Amino acid sequence: MANIKSAVKRAKQSEASRLRNRSCKSSVLTARKKVLAAISAGNKEDAQKQYSSYTSVLDKAAKKGVIAKNNANRKKSRVAQSITKMA
């Protein structure tokens with residue numbers, strides 16, 4: 001552990017942000033899993049509904065800086081493509 005006061009504070013802040021980021025990434029993965037499950041089940045209506053919540057979660061993660069903006073856009077695009085291929 002750090003001895004300097006500022007380094008101790010920085011370590012606490014880093015740990016707090018790590019936990020926040022981990023939680024946010026976990027919610028992104030859970031939302032993605034739900035969309036892909038709906039796609040594999042062949043339920044287009046459910047897939048579109050899950051996709052809208054997935055995009056919301058991705059946009060929030062990108063806004064917070066947990067993932068990059070282009071990364072979020074790429075993930076949304078790929079899932080959207082797989083939904084349109086279901087038709």
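The values are calculated or read from the model by the stated rules, or taken from the named source; none is laboratory data. From a predicted model like this one, the values you see are computed outputs, not experimental measurements. All Cβ positions, even for glycine, are placed from backbone atoms using ideal geometry, and neighbour counts span all protein chains on display.
Tabulated values for the structure
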read-out	value
Contacts under 9 angstrom Cβ, first residue in the range 67-87 being farther than 14 Å from Val28 by Cα, partner aromatic (Phe, Trp, Tyr), 6 or more apart	Ala80/Tyr51; Ile83/Tyr51
Test: Ala2 is among the aliphatic types (A, V, I, L, M) and at pLDDT below 95	yes
Unmet requirement for Met86, which otherwise passes all of (1) loosely packed, with under 11 Cβ neighbours inside 10 Å; (2) not in a helix (DSSP H, G or I)	(1)
Residue, modelled with the lowest pLDDT, within the range 34-60, restricted to residues that are among the aliphatic types (A, V, I, L, M) and either loosely packed, with under 15 Cβ neighbours inside 10 Å or under 30 Å from Ser17 (Cβ atoms) (or both)	Ala41
Unique match (being under 16 Å from the mean Cα position of the chain (by Cα), surrounded by 12 or more Cβ atoms within 10 Å (Cβ to Cβ) and of a type in the set (D, E, K, R)) among Lys63, Lys25	Lys25
